[in-house]
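Notes follow once the structure below has been shown.
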Amino acid sequence: MTDRLTLALTKGRILKETLPLLARAGIEPLEDVHSSRKLVFPTTRDDLQLIIIRGSDVPTYVRHGVAQLGVVGKDILLEHGAEGLYEPLDLGIARCRLMTAGPTGWRGGKARVRVATKFVNIARRHFAARGVHAELIKLYGAMELAPMMDLADLIVDIVDTGNTLRANGMEPLEEIAAISSRLVVNKAAMRSSHRRIQPLVDQLASLVEGG
Ligand code: AMP
């Protein structure tokens with residue numbers, strides 16, 4: 001079917017919380033996405049298929065319009081931008097906070113701080129707005145290791161319970177943004193396929209509001 005809609009989902013923690021919401025909307029993948037190695041999944045709605053990819057790739061697929069819709073963390077949208085996308089709905093899932101964090105008892109006071117993070121654009125904006133000169137060090141994971149190894153003074157990372165920070169001798173300092181997963185829609189598709197996309201957005205919105 002050529003006019004099938006494609007919904008790009010973020011794999012991992014967000015996927016685990018997205019699937020029950022979709023199920024309540026009558027959208028279920030036809031096979032178990034956790035045990036399958038496939039990337040494309042037909043669903044119980046034959047006009048809608050899922051692709052399951054990394055969060056940082058979701059805006060790219062949706063921006064190019066090959067997926068008309070996507071589910072992605074606000075952290076990704078803040079870091080990589082939301083050009084070409086509408087963000088019509090906060091799904092209220094995978095909630096966490098984007099924070100600065102430092103070794104427990106860290107007092108700061110240096111003219112220049114070294115900041116390790118995956119979120120270099122967000123961190124650059126955050127420290128620039130405070131007039132702090134930050135040297136940004138891009139990492140792809142295990143940010144907590146950087147202060148421990150004296151690669152950095154601070155980190156900018158996602159915090160949920162704070163257990164990961166505490167387990168590594170660190171504490172959260174300042175909240176940069178509250179994060180949750182968002183429904184995103186390709187702007188051109190929203191116009192050309194409004195008749196099919198808007199009811200889906202409305203249906204998900206009513207499920208989110210209803211709790
Ligand atoms: P916690 O130990 O509960 O503070 O969790 C922190 C780690 O879990 C972070 O380093 C993140 O990588 C990951 N994490 C927690 N919540 C989320 C979320 N909603 N989305 C993506 N990653 C998350």
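The values are calculated or read from the model by the stated rules, or taken from the named source; none is laboratory data. All of these numbers come straight from a predicted model, not from anything done at the bench. Reconstructed Cβ throughout: ideal geometry from the backbone, glycine too, with neighbour counts over all protein chains shown.
Can you report the number of residues in segment 97-136 which are touching an Asp or Glu at 6+ places or on another chain (Cβ under 8 Å), surrounded by fewer than 15 Cβ atoms within 10 Å (Cβ to Cβ) and at pLDDT 95 or above?
Result for segment 97-136: 2.
With Gly65, Gly70 as the choices, which residue is out of contact with any Asp or Glu (no Cβ under 8 Å at 6 or more places or on another chain) and part of a loop (DSSP other than H, G, I, E, B)? Give the steps one after another, and end with the answer.
Working: Gly70 fails: part of a loop (DSSP other than H, G, I, E, B).
After ruling out the rest, the residue left standing is Gly65.
Scan segment 136-155 for residues that are within 24 Å of the chain's Cα centre (by Cα) and among the charged types (D, E, K, R) and jot them down.
Lys138, Glu144
Could you look through segment 137-155, keep only residues that are within 11 Å of the ligand (Cβ to nearest atom) and among the aliphatic types (A, V, I, L, M), and pick out the one that is farthest from Gly55 (Cα to Cα)?
Ile155
Go through (1) of a type in the set (Lys, Arg); (2) more than 11 Å from the ligand (Cβ to nearest atom); (3) without any contact (Cβ under 8 Å) to a residue 40 or more places away in the chain and name the single condition Lys118 misses.
Of everything listed in (1) of a type in the set (Lys, Arg); (2) more than 11 Å from the ligand (Cβ to nearest atom); (3) without any contact (Cβ under 8 Å) to a residue 40 or more places away in the chain, Lys118 misses just condition (2).
Among the residues of segment 156-167, are any of a type in the set (Val, Ile, Thr), loosely packed, with under 13 Cβ neighbours inside 10 Å and within 14 Å of the ligand (Cβ to nearest atom)?
Looking for residues that are of a type in the set (Val, Ile, Thr), loosely packed, with under 13 Cβ neighbours inside 10 Å and within 14 Å of the ligand (Cβ to nearest atom), one finds at least one in segment 156-167, hence yes.
Answer yes if at least one residue in segment 81-96 is part of a helix (DSSP H, G or I), away from the ligand (no atom under 16 Å from the Cβ), surrounded by fewer than 17 Cβ atoms within 10 Å (Cβ to Cβ) and under 14 Å from the mean Cα position of the chain (by Cα), and no otherwise. Can you show your working first?
Within segment 81-96, the first condition is being part of a helix (DSSP H, G or I), and the residues that meet it are none.
Scanning segment 81-96 turns up no residue that is part of a helix (DSSP H, G or I), away from the ligand (no atom under 16 Å from the Cβ), surrounded by fewer than 17 Cβ atoms within 10 Å (Cβ to Cβ) and under 14 Å from the mean Cα position of the chain (by Cα).
Under the condition of being of a type in the set (D, E, K, R), under 23 Å from Arg182 (Cβ atoms) and at pLDDT 95 or above, which residue from segment 1-45 is farthest from the ligand (Cβ to nearest atom)?
That would be Arg45.
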